[in-house]
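To start, the structure itself, in C-alpha coordinates.
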Amino acid sequence: MRLPKQILIFGFVAIWVVLLLGSCSLERKLALEFVENEAQGTPVMIVPAELLYMFNNKPITGVYNEVDIDSLSFHQSTYLQYVSDSIFLEYYYNAFINKSQDYGLVIFLPDQVNSFIEKRRSSYIIRMAQMELVEDTSSVLVEEIVNNRSKELQIPLDKIVLSTWFEISQKDSTDFYSYYDEYELNDEILGAYTQGLWDSDIRYDYTTYPLKAEEIYSFAAYMGKRHAEFLFDLILNSYIWNRLPKEKKKYFHYIHYNGQYHSVEMAEEAFIMME
(Lines give C-alpha, C1' and ligand atoms only; values in the text may rest on other atoms or scores of the structure.)
Protein backbone atom coordinates (compact mmCIF):
# COMPACT_ATOMS: atom_id res chain seq x y z
CA MET A 1 0.00 0.00 0.00
CA ARG A 2 2.98 2.27 -0.53
CA LEU A 3 2.11 5.45 -2.42
CA PRO A 4 4.36 8.26 -3.66
CA LYS A 5 5.51 10.53 -0.85
CA GLN A 6 3.82 13.57 -2.34
CA ILE A 7 0.52 11.70 -2.24
CA LEU A 8 0.90 10.38 1.29
CA ILE A 9 2.06 13.62 2.87
CA PHE A 10 -1.14 15.44 2.19
CA GLY A 11 -1.11 18.10 4.87
CA PHE A 12 1.47 20.37 3.23
CA VAL A 13 -1.07 22.08 1.02
CA ALA A 14 -4.77 22.82 1.34
CA ILE A 15 -6.83 22.16 -1.76
CA TRP A 16 -10.07 24.07 -1.48
CA VAL A 17 -11.58 23.38 -4.86
CA VAL A 18 -13.38 20.06 -5.10
CA LEU A 19 -12.71 18.44 -8.43
CA LEU A 20 -15.23 15.91 -9.66
CA LEU A 21 -13.41 13.36 -11.75
CA GLY A 22 -14.63 12.94 -15.31
CA SER A 23 -16.98 10.07 -16.01
CA CYS A 24 -14.46 8.57 -18.44
CA SER A 25 -11.41 8.82 -16.20
CA LEU A 26 -9.59 5.64 -15.36
CA GLU A 27 -9.23 6.82 -11.75
CA ARG A 28 -12.97 7.09 -11.34
CA LYS A 29 -13.52 3.68 -12.92
CA LEU A 30 -10.99 2.06 -10.61
CA ALA A 31 -12.37 3.92 -7.58
CA LEU A 32 -15.91 2.71 -8.13
CA GLU A 33 -14.62 -0.77 -8.92
CA PHE A 34 -12.96 -0.77 -5.51
CA VAL A 35 -15.93 0.72 -3.65
CA GLU A 36 -18.52 -1.58 -5.21
CA ASN A 37 -16.52 -4.80 -5.26
CA GLU A 38 -13.06 -5.02 -3.69
CA ALA A 39 -13.89 -3.06 -0.53
CA GLN A 40 -16.87 -5.24 0.29
CA GLY A 41 -15.70 -7.71 2.90
CA THR A 42 -12.13 -6.38 3.12
CA PRO A 43 -10.81 -7.33 6.57
CA VAL A 44 -9.36 -4.58 8.76
CA MET A 45 -8.00 -5.12 12.25
CA ILE A 46 -7.98 -2.11 14.55
CA VAL A 47 -5.59 -2.07 17.49
CA PRO A 48 -6.89 0.55 19.93
CA ALA A 49 -4.63 2.91 21.83
CA GLU A 50 -3.90 1.69 25.34
CA LEU A 51 -4.60 5.11 26.87
CA LEU A 52 -6.06 8.48 26.06
CA TYR A 53 -3.51 10.99 27.32
CA MET A 54 -5.09 14.21 28.55
CA PHE A 55 -3.19 17.44 29.17
CA ASN A 56 -4.15 20.95 30.18
CA ASN A 57 -1.85 23.49 28.52
CA LYS A 58 -3.46 26.53 30.10
CA PRO A 59 -1.40 28.53 32.62
CA ILE A 60 -1.60 27.34 36.23
CA THR A 61 -2.78 29.77 38.88
CA GLY A 62 -1.90 29.81 42.58
CA VAL A 63 1.07 28.55 44.56
CA TYR A 64 2.29 25.07 43.71
CA ASN A 65 5.24 22.69 43.94
CA GLU A 66 6.91 21.29 40.84
CA VAL A 67 5.98 17.82 42.05
CA ASP A 68 2.27 18.70 41.93
CA ILE A 69 2.29 20.56 38.63
CA ASP A 70 0.70 17.85 36.45
CA SER A 71 -2.04 17.05 38.93
CA LEU A 72 -2.77 20.70 39.62
CA SER A 73 -2.83 21.56 35.93
CA PHE A 74 -5.33 18.80 35.24
CA HIS A 75 -7.61 19.81 38.12
CA GLN A 76 -7.55 23.44 37.02
CA SER A 77 -8.75 22.51 33.55
CA THR A 78 -12.14 23.81 32.51
CA TYR A 79 -13.20 20.67 30.66
CA LEU A 80 -10.76 17.77 30.83
CA GLN A 81 -11.19 17.05 34.52
CA TYR A 82 -14.81 16.17 33.74
CA VAL A 83 -14.05 14.00 30.70
CA SER A 84 -14.06 10.22 31.13
CA ASP A 85 -11.29 8.78 28.99
CA SER A 86 -13.12 5.45 28.66
CA ILE A 87 -16.35 7.10 27.50
CA PHE A 88 -14.45 9.32 25.05
CA LEU A 89 -12.72 6.29 23.54
CA GLU A 90 -15.99 4.35 23.41
CA TYR A 91 -17.60 7.12 21.35
CA TYR A 92 -14.52 7.30 19.12
CA TYR A 93 -14.17 3.58 18.41
CA ASN A 94 -17.90 2.99 17.96
CA ALA A 95 -18.02 5.74 15.35
CA PHE A 96 -14.85 4.44 13.67
CA ILE A 97 -16.22 0.89 13.47
CA ASN A 98 -19.69 1.93 12.32
CA LYS A 99 -18.34 4.16 9.55
CA SER A 100 -15.90 1.48 8.39
CA GLN A 101 -18.71 -1.06 8.24
CA ASP A 102 -20.80 1.40 6.21
CA TYR A 103 -18.09 1.13 3.55
CA GLY A 104 -18.36 -2.66 3.60
CA LEU A 105 -15.13 -3.28 5.53
CA VAL A 106 -15.11 -6.13 8.04
CA ILE A 107 -13.66 -4.98 11.35
CA PHE A 108 -11.68 -7.22 13.70
CA LEU A 109 -10.36 -6.48 17.19
CA PRO A 110 -7.18 -7.96 18.69
CA ASP A 111 -9.07 -10.76 20.47
CA GLN A 112 -10.25 -11.92 17.03
CA VAL A 113 -6.73 -12.26 15.62
CA ASN A 114 -7.12 -15.94 14.66
CA SER A 115 -10.19 -15.23 12.55
CA PHE A 116 -8.42 -12.27 10.99
CA ILE A 117 -5.34 -14.31 10.04
CA GLU A 118 -7.50 -16.94 8.36
CA LYS A 119 -8.82 -14.44 5.81
CA ARG A 120 -7.38 -15.18 2.35
CA ARG A 121 -7.67 -11.72 0.84
CA SER A 122 -5.95 -8.35 1.12
CA SER A 123 -6.23 -7.29 4.75
CA TYR A 124 -5.09 -4.25 6.70
CA ILE A 125 -4.05 -3.42 10.24
CA ILE A 126 -4.47 0.04 11.73
CA ARG A 127 -2.94 0.69 15.12
CA MET A 128 -3.85 3.83 17.03
CA ALA A 129 -0.34 4.22 18.39
CA GLN A 130 -1.06 7.26 20.57
CA MET A 131 -3.97 9.60 21.26
CA GLU A 132 -3.72 12.92 23.09
CA LEU A 133 -6.58 15.17 24.13
CA VAL A 134 -5.33 18.65 25.01
CA GLU A 135 -7.13 21.64 26.50
CA ASP A 136 -5.58 24.94 25.48
CA THR A 137 -6.26 28.56 24.60
CA SER A 138 -6.26 30.11 21.18
CA SER A 139 -7.58 33.22 19.49
CA VAL A 140 -9.36 34.31 16.35
CA LEU A 141 -8.54 37.46 14.42
CA VAL A 142 -11.62 39.33 13.21
CA GLU A 143 -10.85 41.75 10.38
CA GLU A 144 -13.16 43.96 8.38
CA ILE A 145 -13.17 47.17 6.35
CA VAL A 146 -15.83 49.51 7.74
CA ASN A 147 -16.36 52.87 6.06
CA ASN A 148 -12.95 52.56 4.41
CA ARG A 149 -11.33 51.98 7.80
CA SER A 150 -9.52 48.75 8.57
CA LYS A 151 -10.52 47.25 11.92
CA GLU A 152 -9.26 44.14 13.62
CA LEU A 153 -9.71 42.44 16.98
CA GLN A 154 -8.06 39.40 18.54
CA ILE A 155 -10.61 37.36 20.52
CA PRO A 156 -9.43 34.67 22.99
CA LEU A 157 -10.91 31.17 22.73
CA ASP A 158 -10.80 27.88 24.57
CA LYS A 159 -10.12 24.82 22.47
CA ILE A 160 -9.91 21.04 22.73
CA VAL A 161 -7.44 19.33 20.41
CA LEU A 162 -7.25 15.63 19.56
CA SER A 163 -3.91 14.49 18.14
CA THR A 164 -3.65 10.91 16.91
CA TRP A 165 -0.73 8.85 15.61
CA PHE A 166 -1.39 5.76 13.49
CA GLU A 167 0.62 2.80 12.22
CA ILE A 168 -0.92 1.15 9.15
CA SER A 169 0.20 -1.98 7.33
CA GLN A 170 -0.99 -4.89 5.27
CA LYS A 171 -1.53 -8.15 7.09
CA ASP A 172 1.29 -10.11 5.46
CA SER A 173 3.85 -7.31 5.50
CA THR A 174 6.43 -6.47 8.13
CA ASP A 175 6.48 -2.86 6.93
CA PHE A 176 4.18 -0.25 8.39
CA TYR A 177 3.71 3.44 7.68
CA SER A 178 3.11 6.09 10.30
CA TYR A 179 0.45 8.76 9.94
CA TYR A 180 -0.83 11.66 11.97
CA ASP A 181 -3.97 13.76 12.30
CA GLU A 182 -4.88 16.72 14.49
CA TYR A 183 -8.21 18.48 14.75
CA GLU A 184 -9.68 20.92 17.22
CA LEU A 185 -12.98 22.01 18.71
CA ASN A 186 -13.31 25.69 19.67
CA ASP A 187 -15.59 28.10 21.41
CA GLU A 188 -17.95 29.69 18.90
CA ILE A 189 -17.91 33.43 18.26
CA LEU A 190 -20.79 35.30 16.63
CA GLY A 191 -20.66 39.04 16.09
CA ALA A 192 -20.25 41.98 13.75
CA TYR A 193 -18.55 45.35 13.54
CA THR A 194 -20.91 48.23 14.23
CA GLN A 195 -20.63 52.00 14.25
CA GLY A 196 -22.26 54.15 16.90
CA LEU A 197 -25.23 56.28 15.87
CA TRP A 198 -23.93 59.42 17.61
CA ASP A 199 -20.22 59.02 17.09
CA SER A 200 -17.76 57.51 14.65
CA ASP A 201 -16.54 54.85 17.03
CA ILE A 202 -16.38 51.39 15.42
CA ARG A 203 -16.47 48.36 17.67
CA TYR A 204 -16.97 44.64 17.36
CA ASP A 205 -20.02 43.41 19.24
CA TYR A 206 -19.87 39.67 19.75
CA THR A 207 -21.08 36.81 21.90
CA THR A 208 -18.93 33.86 22.92
CA TYR A 209 -20.65 30.48 23.06
CA PRO A 210 -18.34 28.35 25.22
CA LEU A 211 -17.75 24.68 24.64
CA LYS A 212 -20.05 22.33 26.53
CA ALA A 213 -18.86 19.14 28.18
CA GLU A 214 -21.26 16.99 26.15
CA GLU A 215 -19.84 18.41 22.93
CA ILE A 216 -16.52 16.76 23.69
CA TYR A 217 -18.08 13.30 23.41
CA SER A 218 -19.75 14.33 20.14
CA PHE A 219 -16.31 15.50 19.05
CA ALA A 220 -14.95 12.01 19.85
CA ALA A 221 -17.59 10.43 17.61
CA TYR A 222 -16.86 12.92 14.83
CA MET A 223 -13.15 12.10 15.00
CA GLY A 224 -13.80 8.36 14.84
CA LYS A 225 -15.86 8.88 11.70
CA ARG A 226 -13.23 11.23 10.24
CA HIS A 227 -10.43 8.71 10.75
CA ALA A 228 -12.47 5.86 9.26
CA GLU A 229 -12.96 8.02 6.15
CA PHE A 230 -9.23 8.75 5.99
CA LEU A 231 -8.39 5.04 6.29
CA PHE A 232 -10.85 4.08 3.56
CA ASP A 233 -9.47 6.77 1.27
CA LEU A 234 -5.92 5.55 1.91
CA ILE A 235 -6.81 1.97 0.96
CA LEU A 236 -8.82 3.23 -2.03
CA ASN A 237 -5.97 5.36 -3.37
CA SER A 238 -3.50 2.53 -2.87
CA TYR A 239 -5.78 0.28 -4.94
CA ILE A 240 -5.99 2.87 -7.73
CA TRP A 241 -2.25 3.66 -7.71
CA ASN A 242 -1.25 0.01 -8.01
CA ARG A 243 -3.45 -0.40 -11.10
CA LEU A 244 -2.67 2.78 -12.98
CA PRO A 245 -0.46 2.57 -16.06
CA LYS A 246 2.92 4.19 -15.53
CA GLU A 247 2.16 7.07 -17.89
CA LYS A 248 -0.99 7.94 -15.91
CA LYS A 249 0.63 8.10 -12.51
CA LYS A 250 2.17 11.55 -12.96
CA TYR A 251 -1.35 12.98 -13.33
CA PHE A 252 -2.75 11.15 -10.33
CA HIS A 253 -4.67 13.10 -7.66
CA TYR A 254 -5.38 11.74 -4.18
CA ILE A 255 -9.14 11.30 -4.07
CA HIS A 256 -11.93 11.00 -1.54
CA TYR A 257 -14.96 8.74 -1.84
CA ASN A 258 -18.18 10.58 -1.01
CA GLY A 259 -20.54 7.88 0.21
CA GLN A 260 -23.52 10.19 0.37
CA TYR A 261 -23.45 10.80 -3.38
CA HIS A 262 -21.56 7.66 -4.40
CA SER A 263 -19.00 9.83 -6.13
CA VAL A 264 -15.27 10.51 -6.05
CA GLU A 265 -13.73 13.94 -5.53
CA MET A 266 -10.29 15.41 -5.09
CA ALA A 267 -9.57 15.02 -1.37
CA GLU A 268 -9.43 18.15 0.75
CA GLU A 269 -8.07 16.35 3.82
CA ALA A 270 -6.24 13.09 4.55
CA PHE A 271 -3.80 11.45 6.93
CA ILE A 272 -0.42 13.18 7.11
CA MET A 273 2.43 10.74 6.62
CA MET A 274 5.19 10.94 9.20
CA GLU A 275 8.83 11.01 8.13
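The values are calculated or read from the model by the stated rules, or taken from the named source; none is laboratory data. Quick caveat, the model's predicted, so the values are computed rather than measured. Using ideal geometry, Cβ is built from the backbone for each residue, glycine included, and neighbour counts are taken over all protein chains shown.
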Single residue of the range 129-173 satisfying the filter (surrounded by 13 or more Cβ atoms within 10 Å (Cβ to Cβ) and over 28 Å from residue 92 (Cα atoms)) that is modelled with the lowest pLDDT: 146
Residue under evaluation residue 262, criteria (1) in contact with a helix residue (DSSP H, G or I) (Cβ under 8 Å, 6 or more places away or on another chain); (2) in contact (Cβ under 8 Å) with a residue 60 or more places away in the chain; (3) surrounded by 13 or more Cβ atoms within 10 Å (Cβ to Cβ), criterion not met: (3)
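In the set 72, 89, which member is surrounded by 15 or more Cβ atoms within 10 Å (Cβ to Cβ), among the hydrophobic types (A, V, I, L, M, F, W, C), farther than 30 Å from residue 239 by Cβ and touching a residue at least 12 places away in the same chain (Cβ under 8 Å)? It would help to see each step written out before you state the result.
On the way: 89 fails: farther than 30 Å from residue 239 by Cβ.
Exactly one of 72, 89 is surrounded by 15 or more Cβ atoms within 10 Å (Cβ to Cβ), among the hydrophobic types (A, V, I, L, M, F, W, C), farther than 30 Å from residue 239 by Cβ and touching a residue at least 12 places away in the same chain (Cβ under 8 Å), namely 72.
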When you scan the range 197-232, how many residues do you find that are farther than 20 Å from residue 84 by Cα, surrounded by fewer than 10 Cβ atoms within 10 Å (Cβ to Cβ) and of a type in the set (D, E, K, R)? 3
If you scan the range 1-48, which residues turn out to be modelled with pLDDT under 50 and crowded, with 16+ Cβ neighbours inside 10 Å? 1, 3, 7, 8, 9, 10, 21
Is one or more of the residues making up the range 93-108 in contact (Cβ under 8 Å) with a residue 60 or more places away in the chain, assigned to a strand (DSSP E or B) and β-branched (Val, Ile, Thr)? yes
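Given the options 222, 206, 251, 239, name the one that is outside any helix (DSSP H, G or I) and in contact (Cβ under 8 Å) with a residue 12 or more places away in the chain. Walk me through it before giving the result.
Working: 222 fails: outside any helix (DSSP H, G or I); 251 fails: in contact (Cβ under 8 Å) with a residue 12 or more places away in the chain; 239 fails: outside any helix (DSSP H, G or I).
Checking each option against the conditions leaves just 206.
Any chance the range 185-196 includes a residue that's touching a helix residue (DSSP H, G or I) at 6+ places or on another chain (Cβ under 9 Å) and of a type outside the set (Phe, Trp, Tyr)? Walk me through how you get there before you give the answer.
The first filter runs over the range 185-196 and keeps only residues touching a helix residue (DSSP H, G or I) at 6+ places or on another chain (Cβ under 9 Å), leaving 185.
Filter once more, so that each one left must be of a type outside the set (Phe, Trp, Tyr): 185.
Yes, the conditions are met somewhere in the range 185-196.
Taking the options 190, 211, name whichever one is in a loop (DSSP other than H, G, I, E, B) and under 30 Å from residue 151 (Cα atoms).
Values: 190 fails: in a loop (DSSP other than H, G, I, E, B).
It is 211.
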Single condition residue 51 does not satisfy, out of (1) at pLDDT 55 or above; (2) of a type in the set (A, V, I, L, M, F, W, C); (3) in contact with a helix residue (DSSP H, G or I) (Cβ under 9 Å, 6 or more places away or on another chain); (4) surrounded by 12 or more Cβ atoms within 10 Å (Cβ to Cβ): (4)
Select from the range 254-271 the residues that are in a loop (DSSP other than H, G, I, E, B) and touching a Leu at 6+ places or on another chain (Cβ under 9 Å) and write down the one among them that is modelled with the lowest pLDDT. 262
Within the range 109-128, how many residues turn out to be over 22 Å from the mean Cα position of the chain (by Cα) and either exposed (fewer than 15 other Cβ atoms within 10 Å of the Cβ) or outside any loop (DSSP other than H, G, I, E, B) (or both)? 11
Given (1) of a type in the set (S, T, N, Q); (2) surrounded by 13 or more Cβ atoms within 10 Å (Cβ to Cβ); (3) touching a Ser or Thr at 6+ places or on another chain (Cβ under 9 Å), number of the condition residue 57 does not satisfy: (2)
Listed by first then second residue, the pairs whose first member lies in the range 31-55 and is under 17 Å from residue 172 (Cα atoms), whose partner is of a type in the set (D, E, K, R), with beta carbons under 6 Å and at least 6 positions apart or on separate chains, are 43/119; 47/127
